[in-house]
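All remarks here apply to the structure that follows.
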Amino acid sequence: MQMQSIISQGKNIEEAIHLGLELLEVNKRDVDIEIIQQAKKGFAGLGRKQAIVKLSLGGNPSGAEPTAPEHGNTPSMDEFIDTFLESESPKAADMAEIEQNEANDTVEMEMDELAGKAWVKDSQIHVKDSPNKYATVKIGEGIQLMKNNELVTEKSTIVSERDHLMLNIKPLETQYTVWDVRVEKDKLSAILEVKPGFKVERRVRDIEPDEHIELSVEETKEVTNTLKYDQVVRMLENLRVIYGINHNEIIRAIDTTEPGTFEIATGKKAEPGKNGWIDLKVETDPMNGLIEDESGNVDFRETNVIPSVEKGTIIATLHDPIPGRPGITVTNEPLPAKQTHPLKVVAKNGIIEVDAKLVATESGRPSIEQRGQLVKAMILPKLVHQGNVDLASGNIRFNGDVEIIGEVEENMLVEAGGDVFIHKATSEATITTSKSIVVKGNVISSELSAGKNNMLVVELGHLLGIMHVQVEKMITVIKQLTTSPAFKSNDFSVTGLQPLIRILLEKKFYNFLPYVKQYQEVVEKGREYIEGEEWHQVGVSIKQIFIVLSNQVTTMERLTNLSQKMKELSDTSDIPVEPNSYITVSDTINSSLYCSGDINIIGKGCINTKVHAGGKLHVRGIVRGGEVYGRLGATIHEVGTNSGTKTIVAVPKDQKIQLAKAFEGTVLKIGKISYKLQEERKHITARLNDNDQIIFE
Amino acid sequence: MLKYNIVNEENGVQVTLHGDLDIEGTEIIKEELLPNLLNSKEVNVSFEKVPFVDSSGMGLLITLVNSLKENNSKVTISNVKEEVFEIFELLQLPEILGEEVFV
């Protein structure tokens, strides 16, 4: 370890040691002290010698140290003499002072009082030395103390009258008033931001003589907000702000002494309007399926309560949309209110639209179906079929409600436009309707489908949603390309976007075409069920742009129009149809049930049946074998088999499965995650947690 | 207007395109250049002198490379300017033609 040592000088030995210890920031017992030179009093500064000591860290006895100064580690004597000589000149002044003191006893007295103290007067620091202590100075914020032309970087220091001391501060600081006006992005307000100017004058605070003094700054701040009213007005003119100017705020802003923001002009927001709406004047909702009474039993007779109207009855009144009120920007431009949409009414089969009213022209059950702004209204006639549907009666196809008092036998078909109500069983039969199905008997090896049109719309809407996102991405890429420095877009006018689209479909959007094909297939398959031409028209547009790559030039405009149409349709399909279809059956075996709304199985249960509910699935009995799905959740009393026949209960990822009892081997599927029960479980509710794991609540 | 020159080298053919690869180059590429290259086993196309491309031009490039590949020729494209390559990447041309084509 290298010995650290310094050489220190002072008026006498004491002072030299004291200064040295200060410098090393140690105590006296931590160092070895070697006296190099004793102080000598000269005359008038001549021949006077300072005391010089050597302080070494490490605590070794001084005797073990070589007496000669180590030139490698310590400043040489010559250097010391130099510094000593340099600090000679102030000494002359000292001497003069001393002479003066000798001349005047009273001053001597005063000087004695001041000994060891420092003070500040008129931004100057003064010190009077004392033989046994030093005055200390703490340096406050904003002040620089120069000691012998060097900046003191420590927070505090000791001073001596031999030091050449100077105080530096920033005496004057001025800042002009800064301000700006900006019009907000929505142009509904203009904001004035102002920082008033100021002038700060500073001096070092006077301090009475003391042994420890703290230097601090005294400052006077004068705020001058030079902003003038007409400056603001001129700025507003430049920004073309003419509407909704708040004169009071401008005055507050020019008077303020604090920085702040002021809304000096305020526009008017557009008020939203209301879409067209329908007011129903009669009861149209049939009892939704079979309803349990308090004791949990179901009264099938209740389902016969179906509303009906006489000819000439007003079924509903239609209201035009109420347009919103446009707003005004601060630059006096109109802000259009969000567009409101009228009802789109399709009145058919016994209902006509007169003077914004829907009127029945036939007696029967009114059916009002609404999806967004689309209203379908009709009077559903009712067919009551006495007895069984069999080879003798033939298949039943009827655009209205159908009630069958008997059974539906092997290979027979019932197709209805309204609700289907079957009093007895169906076996190996097909029942299809766009509304609801109720079967009181067993459903054996049959196919039941309710609300197929709704399901198709949901499916198509889903596909369009996916394609819409991709088309939007394509548009972004094309826009990005056209701004690329090395890209020429003049062939667009000749060929349109087709060559580009062809390349994009090749790789970047390679999975787009399968969706297009799937869409075409669904539209084709469901042609007779899908109501509304738009679904078909969008299909044709998609085909022209992406599959046929027809001669018709595809412009950016055409692409954006298509994208917008896709979005609209996809959005409509998200709006649930009111009222939705339902299927309610007692028991079912080896069948398939397909419904856009809820499915209730209220008897003993469901065996080896495929069930797809677009709404909630509720089974009061058992589910043995097969696969059941509830898009809005599944509640089942008992599920699975002892024998291990595969039974699957499925819901989407955001839904729950509730089971009162589940056998070992039952498969629960939530979203894409499957879980096979390893043991029999009772009263479980399964859902996905945030990590996509199936958990039981 | 697109021009090109062909140099027969020891291990194949070196093609250098001059000018913008755009719709105006359709005939030149399809009816002159492509038939000319069908006898070569190895072709390198230099894009050093191609400052701009358009969508038809890229279509042509895909046709050219794919036709030569079907013909069992080895095709490479070299010295593509940075700005032009940005466009190729945006359209994932390296994935379409095969990463190994760009050298």
- Task: Just give me the residues in segment A:595-616 being surrounded by 24 or more Cβ atoms within 10 Å (Cβ to Cβ) and either in contact with a Cys (Cβ under 8 Å, 6 or more places away or on another chain) or of a type in the set (A, V, I, L, M) (or both), in sequence order.
- Result: A:599, A:601, A:611, A:613, A:614
- Pick out the one residue from A:584, A:560 that is in contact (Cβ under 8 Å) with a residue 40 or more places away in the chain and outside the structural domain of residue A:471 (by TED's automatic domain parsing). A:584
- Message: I need a count of the residues in segment A:371-407 that are in a strand (DSSP E or B) and more than 29 Å from residue A:578 (Cα to Cα).
- Response: 1
- Task: Report whether or not residue B:64 is more than 15 Å from residue A:502 (Cα to Cα), surrounded by 16 or more Cβ atoms within 10 Å (Cβ to Cβ) and either among the charged types (D, E, K, R) or touching a Leu at 6+ places or on another chain (Cβ under 8 Å) (or both).
- Result: yes
- Task: Pick out the one residue from A:342, A:381, A:326 that is free of Cβ contacts under 8 Å to residues at least 60 places away in the same chain and within 42 Å of the chain's Cα centre (by Cα).
- Result: A:326
- Query: With respect to the numbered conditions (1) loosely packed, with under 15 Cβ neighbours inside 10 Å; (2) within 10 Å of chain B (Cβ to nearest Cβ); (3) not in a helix (DSSP H, G or I), which one is the sole condition not fulfilled by residue A:553?
  - Reply: (2)
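Each row is one residue, and each column tells you yes or no for (1) free of Cβ contacts under 8 Å to residues at least 12 places away in the same chain; (2) in contact with a Pro (Cβ under 6 Å, 6 or more places away or on another chain); (3) among the aromatic types (Phe, Trp, Tyr).
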| residue | (1), (2), (3) |
| --- | --- |
| B:55 | yes, yes, no |
| B:63 | no, no, no |
| B:66 | no, no, no |
| B:79 | no, no, no |
| B:82 | yes, no, no |
| B:86 | yes, no, no |
| B:89 | yes, no, no |
| B:93 | no, no, no |
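Has segment A:663-675 got any residue that is surrounded by 16 or more Cβ atoms within 10 Å (Cβ to Cβ), more than 24 Å from residue A:607 (Cβ to Cβ) and not aliphatic (A, V, I, L, M)?
no
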- Of the numbered conditions (1) part of a strand (DSSP E or B); (2) farther than 30 Å from residue A:125 by Cβ, residue A:174 satisfies every one except a single condition; which is it? (2)
- Query: Among strands (runs of 3 or more DSSP E) lying entirely in segment A:568-648, which contain 1 or more residues that are more than 40 Å from the chain's Cα centre (by Cα) and among the hydrophobic types (A, V, I, L, M, F, W, C)?
  - Reply: A:582-589, A:592-595, A:598-601, A:605-607, A:617-624, A:634-639
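Conditions tested, residue by residue: (1) modelled with pLDDT of 55 or more; (2) in a loop (DSSP other than H, G, I, E, B); (3) in contact with a Leu (Cβ under 7 Å, 6 or more places away or on another chain).
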| residue | (1), (2), (3) |
| --- | --- |
| A:258 | yes, yes, no |
| A:264 | yes, no, yes |
| A:311 | yes, yes, no |
| A:317 | yes, no, no |
| A:331 | yes, yes, no |
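Matching residues to (1) under 30 Å from residue A:115 (Cβ atoms); (2) touching a Phe, Trp or Tyr at 6+ places or on another chain (Cβ under 7 Å); (3) not assigned by TED's automatic domain parsing to the domain that holds residue A:169:
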residue	(1), (2), (3)
A:204	yes, no, no
A:208	yes, yes, no
A:215	yes, no, no
A:221	no, yes, no
A:236	no, no, no
A:246	no, no, no
A:253	no, yes, no
- Hey, any hits in segment A:464-477 for a residue that's within 14 Å of chain B (Cβ to nearest Cβ), under 46 Å from the mean Cα position of the chain (by Cα) and among the hydroxyl-bearing types (Ser, Thr, Tyr)? yes
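Just checking, which of A:431, A:405, A:396, A:422 is surrounded by fewer than 23 Cβ atoms within 10 Å (Cβ to Cβ), closer than 17 Å to residue A:447 by Cα and at pLDDT 90 or above?
From the options A:431, A:405, A:396, A:422, the qualifying one is A:396.
Yes/no matrix, rows are residues, columns are (1) over 36 Å from the mean Cα position of the chain (by Cα); (2) at pLDDT 90 or above; (3) of a type in the set (S, T, N, Q); (4) under 30 Å from residue A:160 (Cβ atoms):
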position: A:195; (1), (2), (3), (4): no, yes, no, no
position: A:232; (1), (2), (3), (4): yes, yes, no, no
position: A:249; (1), (2), (3), (4): no, yes, no, no
position: A:269; (1), (2), (3), (4): no, yes, no, no
position: A:288; (1), (2), (3), (4): yes, no, yes, no
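Surrounded by fewer than 19 Cβ atoms within 10 Å (Cβ to Cβ), under 26 Å from residue B:24 (Cβ atoms), of a type in the set (S, T, N, Q) and within 14 Å of chain B (Cβ to nearest Cβ): does that describe residue A:480?
Here the answer is yes, as residue A:480 does meet what is asked.
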- Identify the single condition in (1) closer than 26 Å to residue A:427 by Cβ; (2) surrounded by 18 or more Cβ atoms within 10 Å (Cβ to Cβ) that residue A:573 does not satisfy, given that it satisfies every other one. (1)
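The values are calculated or read from the model by the stated rules, or taken from the named source; none is laboratory data. Keep in mind that what you see is a predicted model, and the values were worked out from it rather than measured. Positions of Cβ are generated from backbone atoms using ideal geometry, with glycine treated the same way; all protein chains shown enter the neighbour counts.
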